[in-house]
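Q: Please read through the structure below; I'll follow up with questions.
The values are calculated or read from the model by the stated rules, or taken from the named source; none is laboratory data. In this text the structure is predicted, and so the values were computed from the model without any measurement. No Cβ is skipped: glycine too gets one built from the backbone with ideal geometry, and neighbour counts run over all protein chains shown.
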Amino acid sequence: MLKIIHAADFHLDSPFAALDEEQAAQRRREQRQLLVSLAEAAAGADLILLPGDLLDSGVCHAETAEALEEFLNSLPGKVFIAPGNHDYYAPESPWDRMKLGDNIHIFTESQPTAVELAEEGCTVWGAAFTSPRAAGKLRAFRAPAEGLQLMVLHADVGGNTGYGPVSEAEIAASGLRYLALGHVHACSGLRKSGETFWAYPGCLMGRGFDETGQKGFLRLELEDGGCRAEFVPLPGRRYEVLNVDVTGAESLLSAVSAALPEDAAKHVFRVLLRGEWPEKPKAEALAAALRDRCFQIEVRDETRLLADIWNDAGEDTLRGSFLRVLKKKYDAAPEEKKAAVTLAARFGLAALDYREDL
């Protein structure tokens with residue numbers, strides 16, 4: 001059985017432009033600290049496959065280059081790196097300057113080359129981006145039929161882009177047992193095209209609201225023609241989008257406060273105010289009032305002005321008839337039941353008006 005760690009898209013030294021200078025610097029430190037957690041999790045692995053964009057660009061702070069070099073040299077087993085479009089391989093690039101151990105192999109050619117591992121009983125293929133754009137690297141590729149064939153590659157599956165596009169048909173025809181991919185920042189889960197297993201582990205840390213939720217890496221076991229994969233989350237701040245319906249709330253502050261999780265102080269939130277409210281919310285003031293509850297928070301107003309739900313009960317329409325029936329129930333209901341009747345009316349009107357929001 002072959003034990004593999006597959007991680008990608010660290011994007012170390014990201015600018016975190018949406019944060020203030022101090023918070024952005026803190027987030028970059030946290031990125032570097034995550035490398036320690038990943039190294040600890042890699043204990044016992046035979047192979048560590050890192051398909052690119054470990055750095056956010058070809059220029060990085062000295063601390064970041066040092067942290068990455070230390071991380072790579074601390075890894076057990078044999079390490080294979082396929083530079084991506086952000087950290088492409090070139091003379092004098094960070095990859096060209098690092099002092100790395102003999103167990104670490106960086107693919108530097110634009111077309112697939114192979115490293116045979118007799119002890120592990122496998123061959124690892126890989127190819128590098130040598131500029132910010134690249135053609136597909138599996139076109140006409142076919143691994144030998146003998147032995148266990150693996151590949152580490154930064155690529156865009158199904159895309160028609162300049163970022164190493166590959167098709168599922170090319171993957172199926174590759175002759176590989178496992179294709180370790182980087183580039184897509186959401187974990188794909190284990191996929192299979194033909195007899196080839198493949199996956200994206202996603203990015204190591206979310207950096208914006210297009211990278212929400214838990215992030216981490218994949219731990220795999222290959223044996224007897226099969227493949228098992230487990231997504232392993234890493235600790236770290238998450239980006240989350242919260243939809244908060246403020247209709248009928250005591251206050252905007254109380255509605256959003258109730259929606260925030262207990263560990264909100266660790267994370268970054270975008271709050272979307274939904275539903276009806278008597279006046280246009282002051283989103284920036286609300287965000288300021290909540291700032292000490294979160295690492296960072298932004299509030300966006302998507303509410304509608306509150307209207308009297310029974311206004312149209314006099315209409316000679318299906319809508320009016322529906323509201324008249326509910327209005328009688330509302331008037332006859334005890335005080336503690338009126339809110340439920342009102343909510344039923346809102347659901348009904350949303351259905352009649354073909355709206356998603358109440």
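Q: Please go through segment 53-63 and pick out each residue that is surrounded by 21 or more Cβ atoms within 10 Å (Cβ to Cβ) and among the polar types (S, T, N, Q).
A: none
Q: Does Val299 satisfy being in contact with a Phe, Trp or Tyr (Cβ under 8 Å, 6 or more places away or on another chain) and either β-branched (Val, Ile, Thr) or over 22 Å from Val246 (Cα atoms) (or both)?
A: No, not satisfied.
Q: Hey, among the residues in segment 141-177 that are of a type in the set (Ser, Thr, Tyr) and at pLDDT 95 or above, which one's nearest to the chain's Cα centre (by Cα)?
A: The qualifying residue nearest to the chain's Cα centre (by Cα) is Tyr163.
Q: Let me ask another. Of these, Glu63, Glu92, which one is out of contact with any Leu (no Cβ under 6 Å at 6 or more places or on another chain), at pLDDT below 95 and in a helix (DSSP H, G or I)?
A: Glu63
Q: Could you tell me how many of the residues in segment 249-280 are part of a strand (DSSP E or B) and over 27 Å from the mean Cα position of the chain (by Cα)?
A: Residues in segment 249-280 being part of a strand (DSSP E or B) and over 27 Å from the mean Cα position of the chain (by Cα): 2 in total.
Q: When you check Glu92 against the structure, is it assigned by TED's automatic domain parsing to the domain that holds Arg27, within 21 Å of Phe16 (Cα to Cα) and among the acidic types (Asp, Glu), yes or no?
A: No.
Q: Test Glu116 against the criterion of being touching a Ser or Thr at 6+ places or on another chain (Cβ under 7 Å), charged (D, E, K, R), more than 18 Å from Leu181 (Cα to Cα) and at pLDDT 95 or above, and give yes or no.
A: Yes, satisfied.
Q: With the structure loaded, tell me whether Leu19 is touching a residue at least 40 places away in the same chain (Cβ under 8 Å), over 29 Å from Val115 (Cβ atoms) and in contact with a helix residue (DSSP H, G or I) (Cβ under 7 Å, 6 or more places away or on another chain) or whether it fails that test.
A: Considered against the rule, which asks whether it is touching a residue at least 40 places away in the same chain (Cβ under 8 Å), over 29 Å from Val115 (Cβ atoms) and in contact with a helix residue (DSSP H, G or I) (Cβ under 7 Å, 6 or more places away or on another chain), Leu19 comes out as yes.
Q: Among the residues of segment 1-31, which ones are under 22 Å from Gly77 (Cβ atoms) and at pLDDT 95 or above?
A: Residues satisfying the conditions are Leu2, Lys3, Ile4, Ile5, His6, Ala7, Ala8, Asp9, Phe10, Leu12.
Q: Something else: Only one residue in Ala17, Ala25, Ala39 is hydrophobic (A, V, I, L, M, F, W, C) and part of a loop (DSSP other than H, G, I, E, B), so which one is that?
A: Among Ala17, Ala25, Ala39, only Ala17 is hydrophobic (A, V, I, L, M, F, W, C) and part of a loop (DSSP other than H, G, I, E, B).
Q: So, in segment 97-126, of the ones that are of a type outside the set (A, V, I, L, M, F, W, C) and under 29 Å from the mean Cα position of the chain (by Cα), which residue ends up nearest to Gly77 (Cα to Cα)?
A: His105
Q: I want to confirm something. Restricting to segment 1-43 and keeping residues that are of a type in the set (D, E, K, R) and more than 20 Å from the chain's Cα centre (by Cα), which single residue is nearest to Val124 (Cα to Cα)?
A: Lys3
Residue by residue, here is whether (1) touching a strand residue (DSSP E or B) at 6+ places or on another chain (Cβ under 7 Å); (2) acidic (Asp, Glu) holds:
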{"residue": "Lys282", "(1), (2)": "no, no"}
{"residue": "Ala288", "(1), (2)": "no, no"}
{"residue": "Cys294", "(1), (2)": "yes, no"}
{"residue": "Ile297", "(1), (2)": "yes, no"}
{"residue": "Thr303", "(1), (2)": "yes, no"}
{"residue": "Ile309", "(1), (2)": "no, no"}
{"residue": "Asp312", "(1), (2)": "no, yes"}
{"residue": "Arg346", "(1), (2)": "no, no"}
{"residue": "Asp353", "(1), (2)": "no, yes"}
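Q: Do we find that Val299 is among the aliphatic types (A, V, I, L, M) and surrounded by fewer than 15 Cβ atoms within 10 Å (Cβ to Cβ) in this structure?
A: No; evaluated as a whole, the condition is false for this residue.
Q: Whether any residue in segment 312-325 is assigned to a helix (DSSP H, G or I) and touching a residue at least 60 places away in the same chain (Cβ under 8 Å) is what I want to check.
A: No, segment 312-325 contains no residue that is assigned to a helix (DSSP H, G or I) and touching a residue at least 60 places away in the same chain (Cβ under 8 Å).
Q: Applying the selection to segment 260-286, what residues are over 21 Å from Glu302 (Cα atoms), crowded, with 17+ Cβ neighbours inside 10 Å and among the hydrophobic types (A, V, I, L, M, F, W, C)?
A: Ala264
Q: All but one of (1) modelled with pLDDT of 90 or more; (2) surrounded by 13 or more Cβ atoms within 10 Å (Cβ to Cβ); (3) within 27 Å of His185 (Cβ to Cβ); (4) of a type in the set (Gly, Ala, Ser) hold for Gly236; state the number of the condition that does not hold.
A: All conditions pass for Gly236, except number (1).
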